[in-house]
Each structure stands twice: as structure tokens, then as C-alpha cells.
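The values are calculated or read from the model by the stated rules, or taken from the named source; none is laboratory data. These numbers come from a predicted model, not from an experiment. FYI the Cβ positions are ideal-geometry reconstructions off the backbone, even for glycines, and counts take in every protein chain you see. When the accessible area is computed, the model is the full protein with side chains, heavy atoms only, and any ligands, DNA or RNA have been set aside. Shrake-Rupley method; radii C 1.70, N 1.55, O 1.52, S 1.80 Å.
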Amino acid sequence: MNHEPITVGNVIAQPGTSVRGGIPIGADMDGGVREIPITVVHGARKGPILWINGATHGDEPEGAFSIFLTLAEVDPAKLAGTLVCVPAMNVAAFRAGLRGDPLDTFSHDMNRIYPGKAEGYPTERVAAAHWAAMKDACDLQINVHSGGEHSYLAHMIFAHDNAPSMELAAAMGPGWDLVFRSGTGGANPSAAIGGLGKAGVTVELGGNCRTLTGDFHAIARDLADGYLNVMRHYRMTEGEASYAPAWRQGFQIPLLAPESGMFVGTDGLPFEQPLAAGTVLGVIYDLYGDVVAEVKAPREGVVFGLRSRPSVLAGQWCCFFGVVEKTVDDLIVRPS
Ligand SMILES: [Zn+2]
């Protein structure tokens with residue numbers, strides 16, 4: 001024990017211990033205490049403070065499940081640094097299984113209003129409490145997202161546009177070679193922590209179409225393996241990290257439904273693989289069975305996500321399309 005206890009929310013963790021508690025977010029109308037549940041694993045030795053934040057959107061449970069798998073495999077006695085786990089940042093939304101708190105009209109989407117305001121709308125207050133707990137006690141932040149109730153997303157990282165965030169993205173391991181830079185100014189946790197010059201990444205994997213039995217376990221295992229690789233990379237745990245040989249970087253083009261109807265993706269369409277411009281990614285039927293629109297690759301690129309809820313209104317998201325501008329191999333200094 002050669003370093004100090006850490007305080008996060010109402011948790012005080014001694015070195016070499018794992019402590020459960022919460023980030024207080026005010027009183028409920030029945031007098032109950034509202035808080036964001038957290039688990040703080042404070043290592044016996046010094047090292048970086050890693051936050052894993054799940055369910056910024058309440059219909060995205062992948063962060064929570066992957067955190068549970070990770071916690072089962074991290075021993076505070078052998079850990080260097082601190083792991084702060086937040087399975088559901090937006091508890092009210094998670095409870096409802098919805099993107100945002102259904103009772104909050106004006107700051108519904110926590111990933112668009114972060115870090116919120118202590119005197120603001122309901123979700124802004126929750127975000128402000130989370131930020132107050134995290135901002136001075138975080139070196140590395142992973143914000144976990146998925147396609148939620150309407151889409152499936154394959155492996156994708158949106159990393160804050162600074163070197164520490166690029167390194168954190170690379171540390172997720174071999175399966176995570178799509179790393180797009182997020183511009184500054186986004187109102188989300190990765191942008192907020194990146195704005196302090198620290199590492200902030202948003203990882204995307206899964207969706208409600210893949211939360212059944214073995215499929216959910218596979219998605220959560222994939223994410224947990226990424227976090228464990230991150231901990232090896234930063235020497236928080238024993239063992240050698242592994243990396244993608246190179247990383248594809250570029251930008252996203254959201255493909256919105258040109259017509260209302262029923263979206264059906266192309267049979268056999270591959271995710272994360274290069275596709276030619278003009279490739280038909282899916283079609284939209286009307287309820288007479290006529291195809292009223294095709295959704296095509298606007299240029300050469302990759303599909304990293306697709307709508308999984310077939311009914312669609314014109315203007316809703318159909319496809320998460322990425323344009324790869326370059327491939328780089330220098331996001332980390334590789335061990336020689
Ligand atoms: Zn999300």
C-alpha cells in the first residue's frame with residue numbers, strides 16, 4: 001500500500017479494495033436517494049484512473065454487461081491504478097429501456113448535453129453530477145454505446161482528436177481498427193474529458209437485436225476483452241497487450257431513409273469491409289411490397305452499422321456509413 005485512498009461520489013476506496021456506492025443525484029419524490037451506481041476498484045499500486053461509462057443512452061445495455069464481466073476478472077490486489085465502473089450513467093433512461101429519461105422533455109439525450117448544468121433540466125443535472133465526480137479523477141475514459149433499440153453497430157471507435165485519445169483507442173486491441181477522430185465541441189463525455197487534454201473514446205458495438213443469450217454474451221465478451229487489453233497496455237495489469245496492425249481513419253456519413261416504409265438490409269451485406277460506391281445497402285418497401293427507395297453507398301467506404309428495426313420514417317437513420325481516408329500505424333509507440 002504505497003498510495004492514497006480515492007474518493008469518487010460517495011465512495012472512499014482504500015488501496016487494494018473494491019468498493020460499491022454511487023454518485024448522488026438528489027432526492028426522489030418519495031424521499032428515496034437517487035444515485036448513479038458505481039464500483040471503484042482501487043489498485044494496490046499507483047497507476048492511471050480508467051473510467052468505463054455505460055448506458056449514457058438507456059437502451060444500450062452493452063456497457064453494463066461488459067463491465068460486469070470485467071469486474072469479475074480484475075483483482076484490486078494486483079491492479080496498478082484505479083478502475084471506475086459506471087454501468088448506467090442515465091439510470092432513469094436505463095430503467096425505461098429508452099434512449100433518454102422519458103420524464104425529461106428538454107434534455108432527453110445525455111450524449112448531446114454533457115456535461116450538463118447543476119441548475120439545469122433533469123438530465124443536465126445528472127450529467128453535471130457525473131462530471132463533477134469524474135473530471136478531476138479520470139485519466140482515461142471509455143464511453144460505451146451501441147445501436148440501441150433501432151440499430152446494430154459493429155466495432156467503431158470515435159476518439160477525441162488528441163494523441164492520448166488515439167492511444168486509448170489503439171489500446172482496445174486487434175478487433176478495433178476503425179478509429180475515427182471526433183471534432184472538438186461535442187457535448188458528450190469523451191469530448192468533455194478530451195477537452196481537458198486527457199483520453200476520451202466512444203466505442204460502439206451491439207444493439208438490442210443482439211441481446212439474446214449467447215449473442216449478448218459474445219458482444220459483452222468482445223467489449224470486456226477490449227477493456228482488459230487497455231489495462232494491459234497502460235500497465236494496470238500483468239501481461240502483454242495486443243493491437244491492430246494499422247488503423248483506418250476517416251469520417252461518418254449518416255444515411256437517412258429517403259422514404260417511409262420498411263427497411264430491409266441487403267442479404268449478406270458485410271460490416272467493416274470495403275464496399276464500392278453505389279453498392280445497394282438495403283431497400284425500403286411500402287406496405288404493398290413495392291420497393292420505394294434504395295439506400296446506396298454514396299461513395300467507396302464501409303458499413304459499420306445498420307438499422308435493425310425495420311419500420312422507418314423518411315429521415316430516420318438507416319445506415320452508419322464510414323469513409324476511410326487513410327490507414328495509419330502510429331497511434332501508439334509499439335513495443336520493440
Ligand atoms: Zn448511444
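Summary table
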{"item": "Cα principal axis extents for the chain, largest first, Å", "result": "67, 59, 38"}
{"item": "With DNA, RNA and ligands ignored, accessible area of Ile12 (1.4 Å probe; Å², nearest 10)", "result": "110 Å²"}
{"item": "Gyration tensor verdict on the stretch 110-150 (Cα atoms; rounded if a/c is under 1.5, prolate if a/b is larger than b/c, oblate otherwise)", "result": "oblate"}
{"item": "Estimated vicinal HN-Hα couplings, Hz - the stretch 132-144 in sequence order (Karplus 6.51, -1.76, 1.60; Gly, Pro = x)", "result": "4, 6, 8, 4, 9, 10, 8, 9, 9, 10, 10, 9, 9"}
{"item": "More than 15 Å apart - percent of Cα-Cα pairs taken over the stretch 148-225", "result": "56 percent"}
{"item": "Fully extended contour minus Cα-Cα distance, from Val328 to Glu238, at 0.36 nm per residue", "result": "29.7 nm"}
{"item": "Length-normalised contact order of the chain in % [C-alpha pairs under 8 Å, at least 6 apart]", "result": "14 percent"}
{"item": "Solution diffusion estimate, µm²/s, Stokes-Einstein, the stretch 1-107, Kirkwood Rh from C-alpha pairs, 4 °C, viscosity 1.567 mPa s", "result": "89 µm²/s"}
{"item": "Gln316/Ile12 FRET efficiency (R0 45 Å; Cβ-Cβ; nearest 0.05)", "result": "0.50"}
{"item": "Heavy-atom SASA rank of Ser260, Ser190 (probe 1.4 Å, accessible area, largest first)", "result": "Ser260, Ser190"}
{"item": "Two-decimal ratio, the stretch 231-287, of alpha-carbon radius of gyration to 2.2 N^0.38 Å", "result": "1.86"}
{"item": "³J(HN,Hα) computed for each position of the stretch 65-82 - Karplus, 6.51 cos²θ - 1.76 cosθ + 1.60, integer Hz, glycine/proline x", "result": "5, 5, 5, 4, 5, 5, 4, 5, 10, 10, 9, x, 5, 9, 8, 9, x, 9"}
{"item": "Contour excess over end-to-end distance, with Cα ends at Ala137 and His3 and 0.36 nm allotted per residue", "result": "46.8 nm"}
{"item": "Selected from Tyr114, His57, Val11, residue furthest toward positive end of dipole (the stretch 1-160; charges at beta carbon)", "result": "Val11"}
{"item": "Ellipticity estimate at 222 nm from DSSP helix runs (n ≥ 4, -39,500 (n - 2.57)) divided over the chain, nearest 500", "result": "-6000 deg cm²/dmol"}
{"item": "Exposure of His155 as accessible area (Å², to 10), given a probe of 1.4 Å and all protein chains", "result": "30 Å²"}
{"item": "Options Ala246, Val230, Gln273, ranked by Cα towards positive dipole end of the chain, top entry (Cβ charges)", "result": "Val230"}
{"item": "Residues whose placed amide H lies under 5 Å from that of Gly173, excluding near-sequence neighbours", "result": "Ala244"}
{"item": "Nearest-20 debye value, the stretch 70-173 charge dipole, Cβ charges on Lys, Arg, Asp, Glu", "result": "160 debye"}
{"item": "Linear extension gain, Gln252 paired with Glu300, 0.36 nm per residue minus alpha-carbon span", "result": "16.1 nm"}
{"item": "HN-Hα J in Hz across the stretch 95-112 - Karplus 6.51, -1.76, 1.60, θ = phi - 60°, x for Gly and Pro", "result": "4, 7, x, 10, 4, x, 5, x, 8, 10, 7, 9, 9, 4, 9, 4, 7, 10"}
{"item": "Sequence-separation-based contact order of the stretch 14-151, relative, with Cα cut under 8 Å and 6+ spacing, percent", "result": "27 percent"}
{"item": "Heavy-atom SASA rank of Val280, Val291, Val303 (probe 1.4 Å, accessible area, largest first)", "result": "Val291, Val280, Val303"}
{"item": "Column: log10 I(q)/I(0), Debye, Cα scatterers of the stretch 124-258, q = 0.11, 0.12, 0.15 Å⁻¹", "result": "-0.42, -0.50, -0.78"}
{"item": "Dipole magnitude (debye, nearest 20) for the chain, charges at Cβ of Lys, Arg, Asp, Glu", "result": "640 debye"}
{"item": "Calculated FRET value between Glu119 and Arg20, using beta carbons and R₀ = 35 Å, to 0.05", "result": "0.75"}
{"item": "Zone residues, the stretch 237-266, relative to Gln273, backbone N less than 14 Å from point 7 Å out along Cα-to-Cβ", "result": "266"}
{"item": "Centroid-to-centroid separation of the stretch 97-156 and the stretch 288-336 [C-alpha atoms, Å]", "result": "23 Å"}
{"item": "Extreme residue, positive dipole direction of the chain, given options Asn90, Gly173, Leu287 (C-beta unit charges)", "result": "Gly173"}
{"item": "The stretch 80-138, relative contact order in percent, only Cα pairs under 8 angstrom and at least six apart counted", "result": "21 percent"}
{"item": "Long-range HN-HN contacts of Glu35 with modeled amide H, under 5 Å", "result": "Ile25"}
{"item": "Once the Cα gyration tensor of the stretch 62-197 is diagonalised, semi-axes √(5λ) in Å", "result": "24, 18, 17"}
